[in-house]
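The values are calculated or read from the model by the stated rules, or taken from the named source; none is laboratory data. What you see is a predicted model, and the numbers here were worked out from it, not measured in a lab. Neighbour counts run over all protein chains shown; Cβ positions are idealised from the backbone, glycine included. Just so you know, the surface numbers come from the protein's heavy atoms only, side chains and all, with ligands and any DNA or RNA stripped out. Shrake-Rupley method; radii C 1.70, N 1.55, O 1.52, S 1.80 Å.
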Amino acid sequence: MCQIGLVVNDVEKTGQAFADFFGIERPEVADSGPDEIVKAEVYGERSTASCKMMFFDTPTVQIELIEPDEKPSAWRDILNEKGEGLHHIAFQVKDAEGKIKTLGEKGFPLMQKGNYGNGSGMYAYIDARKDLKLIFELLESF
C-alpha cells in the first residue's frame, strides 16, 4: 500500500488542518491536469471530471486529499453518498490494464481511470465495496 485517499469539500482548509496536525508547511494544491492528457473515463464513459489535490508524504504512506468538481466522478459519488473521508487505498502496480481486466472478471468493476496530469502514469479505481468494503486504486508509473 502506498497511499490513502480522502475526499474533502475544501482541500485547502483540510490540508491546513493536516499540516497543523503534522507540524509542517501545507503542500501546494495541484489540479488533476489537462483533459487532453488525463483522458478520464467514469463508469466506461469519457469524462471531463477534475479535482484539486494535495499530497502529504509520510515515512510509510502518502495521504492524498481530493476535492472533486461537480461533474460525475468516483470522487463526487463517494463525497455525495458518504460525506468527507476515506475514498481509497492505493497500490503501485505493473500492467494496470491487465489487472483491471482480471479484477473485472472476478466481480470487481472499474469505476474510473485516467492518466496522471503530467502523462507519466495512470490511475484506476476498482470497486470492491460489496465484498471487501473498500475502493482500491491501482497506480502505474510509465
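Residues in segment 1-21 that are open to solvent by 30 Å² or more (accessible area, probe 1.4 Å), closer than 21 Å to Arg76 by Cβ and under 15 Å from the mean Cα position of the chain (by Cα): Ile4, Leu6, Asn9. So Leu103 ticks every box in (1) open to solvent by less than 70 Å² (accessible area, probe 1.4 Å); (2) free of Cβ contacts under 8 Å to residues at least 40 places away in the same chain; (3) within 30 Å of Ile24 (Cα to Cα) but one. Which box is left unticked? Of everything listed in (1) open to solvent by less than 70 Å² (accessible area, probe 1.4 Å); (2) free of Cβ contacts under 8 Å to residues at least 40 places away in the same chain; (3) within 30 Å of Ile24 (Cα to Cα), Leu103 misses just condition (3). Quick one: in segment 29-73, which of the residues that are of a type in the set (A, V, I, L, M) and under 26 Å from Ala19 (Cβ atoms) is surrounded by the most Cβ atoms within 10 Å (Cβ to Cβ)? Residue satisfying both the conditions and the ranking: Leu65.
Residues that are open to solvent by less than 60 Å² (accessible area, probe 1.4 Å) and in contact with a His (Cβ under 8 Å, 6 or more places away or on another chain) occur in segment 117-125; there is at least one. Phe136 passes every criterion in (1) touching a Ser or Thr at 6+ places or on another chain (Cβ under 8 Å); (2) part of a strand (DSSP E or B); (3) of a type in the set (A, V, I, L, M, F, W, C) apart from (1). So which of Lys113, Lys94 ends up being part of a strand (DSSP E or B) and either surrounded by 14 or more Cβ atoms within 10 Å (Cβ to Cβ) or touching a residue at least 24 places away in the same chain (Cβ under 8 Å) (or both)? Checking each option against the conditions leaves just Lys113. On the stretch given as segment 22-70, residues that are within 11 Å of the chain's Cα centre (by Cα) and β-branched (Val, Ile, Thr) total 2. Output the residues belonging to segment 74-91 that are assigned to a strand (DSSP E or B), open to solvent by 20 Å² or more (accessible area, probe 1.4 Å) and either touching a Ser or Thr at 6+ places or on another chain (Cβ under 7 Å) or within 14 Å of Thr14 (Cβ to Cβ) (or both). Gly85, Leu86, listed by residue number. Examine segment 7-19 for a residue that is touching a Phe, Trp or Tyr at 6+ places or on another chain (Cβ under 9 Å), farther than 24 Å from Ile100 by Cβ and without any contact (Cβ under 8 Å) to a residue 40 or more places away in the chain, and state whether such a residue exists. Yes, segment 7-19 contains a residue that is touching a Phe, Trp or Tyr at 6+ places or on another chain (Cβ under 9 Å), farther than 24 Å from Ile100 by Cβ and without any contact (Cβ under 8 Å) to a residue 40 or more places away in the chain.
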